[in-house]
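Please treat every number below as a calculation from the coordinates, not as lab data. Everything numeric in this text was worked out from a predicted model, so none of it was measured. Please note: Cβ atoms are built from the backbone with ideal geometry, for glycine as well, and neighbour counts cover all protein chains shown.
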Amino acid sequence: MEPAAALLELQDADLGVTRTGRELDGLPEKKAILEIRRKTREVQALLDKTHAYAAEVGRAVSRAEDETSGLDAKLAAEQKRLTSGEVSDHREVQHLTREMDSLRRRKDKLEMETIALMEKGEKAEAQSRTIVAAIAKLASDEQALVERFKQAGSVLLTRIESLKARRASLAAGLPADVLAAYESARETKHGIGAARLTDGVCGACRVELPADKLHLLLDGPAVAECPMCRRLLVVHLPADTAAQ
């Protein structure tokens with residue numbers, strides 16, 4: 001196939017992929033999948049926060065338990081001093097007794113705080129289990145939607161794959177410089193990299209070319225550049241040449 005004809009077919013294939021992709025994106029199943037994935041991200045973020053909170057509560061419980069163990073050890077040591085007769089002075093005994101009472105109050109307070117923390121941790125774990133179940137349900141719903149999407153969009157997906165295969169074949173047959181110029185223009189010109197010159201009008205920008213520029217194009221190669229929009233312009237096709 002002549003490069004000029006191949007170029008126009010390549011442009012048609014690319015436009016076909018774009019149009020069909022839009023049809024695919026417009027399917028209700030596609031929108032539902034995107035929505036469920038958005039919800040999944042939100043729920044996952046909540047799970048991450050819940051895990052972080054549960055971990056912090058766990059560390060607080062460990063610190064409280066460590067302090068309680070320290071108080072137990074100190075109380076045991078002070079009690080041993082009292083019962084061993086090591087402390088016999090009345091005032092010293094009173095001081096030691098008051099200190100032990102203070103330690104017991106601190107221990108009681110710590111134990112209450114630990115219980116409260118453990119309850120918070122249990123609630124966080126329960127919330128985590130609920131969230132994990134919700135994520136599993138969302139994943140199941142998404143999988144069902146994906147299957148429905150595949151069924152609803154199978155014809156469109158097949159068409160896209162066929163167009164892409166056609167595109168690859170056409171692109172492989174174009175001169176490297178023509179293909180590079182086309183790809184560059186398509187990238188910067190909203191997906192339109194090439195068009196046909198018809199009755200002196202560029203098929204892409206729809207501008208009627210000035211007479212002097214038109215004559216230069218008509219006297220030039222089959223594929224040129226539109227002087228107005230800088231896209232590739234197919235000036236002549238083999239059929240045009242044969243008709244002349």
> For the stretch 101-108, in order, what is each residue's ³J(HN,Hα) by Karplus, 6.51 cos²θ - 1.76 cosθ + 1.60 with θ = phi - 60°, in whole Hz (x at glycine and Pro)?
Replying inline: 4, 5, 5, 5, 5, 5, 5, 4
> What percent antiparallel are the DSSP beta bridges of the stretch 176-243, to the nearest 5?
Replying inline: 65 percent
> Between R22 and R37, what is the spin-label point distance in nm, taking each point 7 Å from the Cα along the Cα→C-beta axis?
Replying inline: 2.1 nm
> Based on the Kirkwood radius over alpha-carbon pairs, what is the Stokes-Einstein translational diffusion coefficient of the stretch 127-204 at 37 °C with 0.692 mPa s viscosity, in µm²/s?
Replying inline: 195 µm²/s
>> Under a Cβ-only charge scheme (Lys and Arg +1, Asp and Glu -1), can you give me the dipole magnitude of the chain about the Cα centre, in debye to the nearest 20?
In response: 500 debye
>> Looking at the chain as a GNM with Cα springs under 10 Å, which of D48, D177, D14 has the largest mean-square fluctuation?
In response: D177
>> Students often forget the sequence filter, so: which lysines lie under 24 Å Cα-Cα from K120 once same-chain residues fewer than 8 apart are removed?
In response: K49, K107, K109
> Can you give the Kirkwood hydrodynamic radius for the stretch 78-189, in Å, rounded to one decimal and based on Cα pairs?
Replying inline: 22.9 Å
> Over all directions, what mean area does the Cα convex hull of the chain project, stated in square nanometres?
Replying inline: 25.2 nm²
>> Which GluC sites (Glu not before Pro) in the stretch 35-138 sit in a loop by DSSP (not H, G, I, E or B) and have at most 15 other Cβ atoms within 10 Å of their own Cβ?
In response: E86
> So between A211 and D72, what do we pick up on full extension, going 0.36 nm a residue minus the alpha carbon distance?
Replying inline: 39.8 nm
>> Strictly greater than 16 Å: what percent of every Cα pair in the stretch 58-143 meets that?
In response: 66 percent
> With the Cα gyration tensor of the stretch 176-243 giving a ≥ b ≥ c as the square roots of its eigenvalues, does the rule (a/c under 1.5 for rounded; else a/b larger than b/c for prolate; else oblate) give rounded, prolate or oblate?
Replying inline: oblate
> Zone of E65 (label point 7 Å along Cα→Cβ, backbone N under 12 Å): which residues in the stretch 109-127?
Replying inline: 114-115, 118
> For the chain, modelled as a Gaussian network with Cα springs under 10 Å, which listed residue fluctuates most, S62, S162, S84?
Replying inline: S84
> Suppose every K and R has +1 on its Cβ and every D and E has -1 on its Cβ; what is the size of the dipole of the stretch 176-243 about the Cα centre, in Debye to the nearest 20?
Replying inline: 240 debye
>> With unit charges on the beta carbons (Lys and Arg positive, Asp and Glu negative) and the dipole taken about the Cα centre of the chain, which residue among A195, A152, T68 sits farthest to the positive side?
In response: T68
> Among all the aspartates and glutamates, which ones have a C-alpha under 19 Å from K150's C-alpha, if same-chain residues fewer than 8 places away are not counted?
Replying inline: E23, D25, E29, E35, D141, E142, E161
> Could you name the lysines in cross-link range of K213, using Cα to Cα under 30 Å and dropping any fewer than eight places away on the same chain?
Replying inline: K189
